[in-house]
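Here's the structure we're looking at; comments come further down.
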Amino acid sequence: MKANLSLDLIADILSRLPVKHLLCLRCVSKLWRSLIDDPDFINLHLRHSLDSRTNHTLILKNTDLHTADLASLGPFAKLEHPLMSYNHGVEIQGSCNGLLCIRNIVEDMAIWNPSTRKYQVLPYLGSCKGYICGFGHDPLADDYKVVKIIQLGGADGKPLESEVKVCSLKRNRWRKIQDIPCVSSFPVANGVFASGALHWVLTQKLDLSEENTIVALDLATESFREVPQPEYERIIYQLNVGVLGGCLCVVANHGDARVDLWVMKEYGVKESWTILFSLASEDVIGSLRFLKPLAYSRCGNQVLLEHDKINLFWYDLEKKKADDVWVPGMPFSYETEVCLQSLVSLNVKRRQQNGEDNRDIKKMDDFLSEGFKLNVHWSSGVEGTKSPILVSYQLKVCNSHITSEGNSKTFLKAHLSFLSLRYRVEFDCFLNEEVTACYSKKDKA
């Protein structure tokens, strides 16, 4: 006789799977779909991934984004992002719990889950020069926040002033918080998230002799504080902060002679700073000017590092040896980011409410199995248009594309309208881009 597994046991088993498998398993039954979409299961999957160092992705950014599994470092594949890039690509402003904060050249910003391909565009703040960003999670409010520190002054050796603005997913608007009398030191770097706070290396004067300060912004209280630094043995020429294994870390550069990597084992306690390893110039090829810690190996005896934005290497903590990494598909130069694969939702109402909201969302999911129609609208003045719709059994693909001569700003606007529910998905497609909506749902006659 077959024994039925309890729902808790099923949840525990499923929480150990990669996101791409879980998204497929949503189609097994309504029960499994409800389980995988449940906020408690999403948090369980997130905690398991964090604790076991699994389900991590390495993202390389040059003009495009490329991604590979961190455990295997297999071939890199191009990763499509949701923002218009205008042939300049996007910048990654931060990573937290499987979400990325990205920005394009015209200062559009979005929070994006590359695993589920869901995203939310932030309100436009406008273009400004001389600012740094940060992105992290407020654990008390269960909210994700983007922070901009904008430099306002500091010429001729005068004290620096900065204006600080915050945008959260729940409020979906920018607001000003307390200012801070300093800005980013050289090299300019975005904040890193650890222990509920964003961290930057800041300075109070544009002077090379000015000491750098590690400043933290608590995302729950939205207040700044100074983080105690290690007792360095030598003069520091360059200081960078990072996060390694969930702990705040510091990369202390002593010129071209040596680089020390410090880890804060107990957050906020100065005495807990420990040197994880030191690298001498003869240990690597090239300068030691820029070194970024990325992640531990699954067994914990190696650390993956980015070196001068041109190569990766594993540093063996036991053998004290560095081994270069080369993977097919890697670009020549790049910036790196480690992103957790997660099911974390950007739907604030879904995280905040239960009951009717969740039932309405399930009704929308159920209706996708019955069919939909795609209404395509395009602007006037288009010289050539085509909008083929291909329908096949158990697979419906709607592919719409328009073209126009010259440099007009003509764009396609498509509306995905559900026949019996008041839901609409709207997206824009600029020239020379295709928009494809694909649903693997059984069609009704």
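The values are calculated or read from the model by the stated rules, or taken from the named source; none is laboratory data. Nothing here was measured: the structure is a model prediction, and the numbers come from that model. Glycine gets a Cβ as well: all are built from the backbone with ideal geometry, and neighbour counts include every protein chain shown.
Inspection of region 363-370 finds no residue satisfying the criterion of being charged (D, E, K, R) and modelled with pLDDT of 75 or more. For region 217-233, a residue qualifies if it is acidic (Asp, Glu) and outside any strand (DSSP E or B), and the qualifying residues are Glu222, Glu231, Glu233. Considering region 318-349, the residues that are in contact with a Gly (Cβ under 7 Å, 6 or more places away or on another chain) and not in a loop (DSSP other than H, G, I, E, B) include one that is surrounded by the most Cβ atoms within 10 Å (Cβ to Cβ), namely Cys339. Filtering region 1-53 to residues that are of a type in the set (A, V, I, L, M), farther than 30 Å from Ser297 by Cα and exposed (fewer than 15 other Cβ atoms within 10 Å of the Cβ) leaves Met1, Ala3, Leu5, Leu7, Val28, Leu31. Candidates Leu83, Leu60: the one that is crowded, with 17+ Cβ neighbours inside 10 Å and in the same structural domain as Met109 (by TED's automatic domain parsing) is Leu83.
From the list Pro139, Pro123, the one residue that fits, being surrounded by fewer than 16 Cβ atoms within 10 Å (Cβ to Cβ) and touching a Cys at 6+ places or on another chain (Cβ under 7 Å), is Pro123. For the structure I just gave you, tell me whether Ala194 is small (Gly, Ala, Ser) and loosely packed, with under 15 Cβ neighbours inside 10 Å. Taking the combined requirement at face value, the residue does not satisfy it. A count restricted to region 106-123 and to residues that are part of a loop (DSSP other than H, G, I, E, B) and among the aliphatic types (A, V, I, L, M) stands at 2.
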